[in-house]
Amino acid sequence: MTPAGVLYVVPTPIGNLEDITLRALNILKSCDLVLAEDTRHTGQLLKHFDIGKPMLSYHKFNEAARQEQILERLSQGGHLALVTDAGTPGISDPGQRIIAETIHQGFRVEPLPGACAFTTALSGCGLPTDEVHFLGFLDRKSARRRRKLESCLDIPGTLVLYESPHRIEKLLEELKDLMPDRDVVLARELTKKFEQWVRGRAEALWERRQSIKIKGEFVVMIGPEIS
Ligand code: SAM
């Protein structure tokens, strides 16, 4: 018989607290345990929605150590909700490892649709969305970043990546060098008070970089080569 343990993958808001689904709230209310990237951060979210629930930290530094404990709870029939600080777990966030192991051990994984910076940015960017390649975060090291971007030059469709504000200017320089004519969209602080969209060719954005506010969280999208 299949064990009744379930791991729910629960997206949480990326800024605006209204962006949590009714189903996500119901799962957080009814589950046995919340696996949280940062229990203090998630504690505030749960408090906001008046949910009192035991939490266990699950982040990139303890995911191996936590595995046995989590699988044990699932084998006892536990319903566990996996959340990260913001957005969808497993998307440039902790989760992938325990999700894979849960599937491997024969338990059910149930992902909920919901907030994700990648899909939110893509849906409003105005670039082609019929073919998309998601790069997550680029490496911090210059040579590796360049190599990665060079390897993407022939990929058809729109490229999407997450970037820290500390490296946005560096990225604009790399894009100006490697793909100057491509359309680039910067989606900044999505769903928050200072949400901002910056659009232009890579070379033009590099030239006007001083006028771009490099603060907060960014999704960067690069349109396909124009033939
Ligand atoms: N799992 C998350 C998701 O589904 O959106 C992504 C987590 S990743 C650690 C954080 C990165 O996502 C940020 O550095 C930024 O690139 C992007 N991001 C998250 N929230 C954002 C927002 N409100 N506006 C723009 N980008 C955001």
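Structure values in brief
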{"read-out": "Some residue of the range 157-166 being over 27 Å from Asn16 (Cα atoms) and assigned to a loop (DSSP other than H, G, I, E, B)", "value": "yes"}
{"read-out": "Meets criteria (in a loop (DSSP other than H, G, I, E, B) and within 16 Å of the ligand (Cβ to nearest atom)) for Lys170", "value": "no"}
{"read-out": "Residue among Pro54, Pro89, Pro111 that alone is under 15 Å from Val6 (Cα atoms) and in contact with a strand residue (DSSP E or B) (Cβ under 6 Å, 6 or more places away or on another chain)", "value": "Pro111"}
{"read-out": "Single condition Lys193 does not satisfy, out of (1) open to solvent by less than 70 Å² (accessible area, probe 1.4 Å); (2) within 13 Å of the ligand (Cβ to nearest atom)", "value": "(1)"}
{"read-out": "Residue check for Arg201: under 30 Å from Ser227 (Cα atoms), open to solvent by less than 40 Å² (accessible area, probe 1.4 Å) and either at pLDDT 95 or above or not acidic (Asp, Glu) (or both)", "value": "no"}
{"read-out": "Out of Gln44, Gln96, Gln67, Gln76, sole residue that is open to solvent by 30 Å² or more (accessible area, probe 1.4 Å) and within 18 Å of Asp19 (Cα to Cα)", "value": "Gln44"}
{"read-out": "Every pair of residues 6+ apart whose Cβ atoms lie under 8 Å, when the first sits in the range 46-57 and is of a type outside the set (Lys, Arg) while the second is loosely packed, with under 10 Cβ neighbours inside 10 Å", "value": "Leu46/Gly52"}
{"read-out": "Residues within the range 129-156 that are more than 20 Å from the chain's Cα centre (by Cα), surrounded by 11 or more Cβ atoms within 10 Å (Cβ to Cβ) and either assigned to a strand (DSSP E or B) or among the basic types (Lys, Arg) (or both), tallied", "value": "3"}
{"read-out": "Residue that is nearest to His59 (Cα to Cα) [pool: residues in the range 2-32 that are more than 20 Å from the chain's Cα centre (by Cα) and surrounded by fewer than 19 Cβ atoms within 10 Å (Cβ to Cβ)]", "value": "Asp32"}
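The values are calculated or read from the model by the stated rules, or taken from the named source; none is laboratory data. Just so it is clear, the model here is predicted, and its values are computed rather than measured. So basically every Cβ, Gly included, is an ideal-geometry build from the backbone, and we count neighbours across all protein chains shown. The area values use the complete protein model at the heavy-atom level, side chains included, leaving out ligands, DNA and RNA. Shrake-Rupley method; radii C 1.70, N 1.55, O 1.52, S 1.80 Å.
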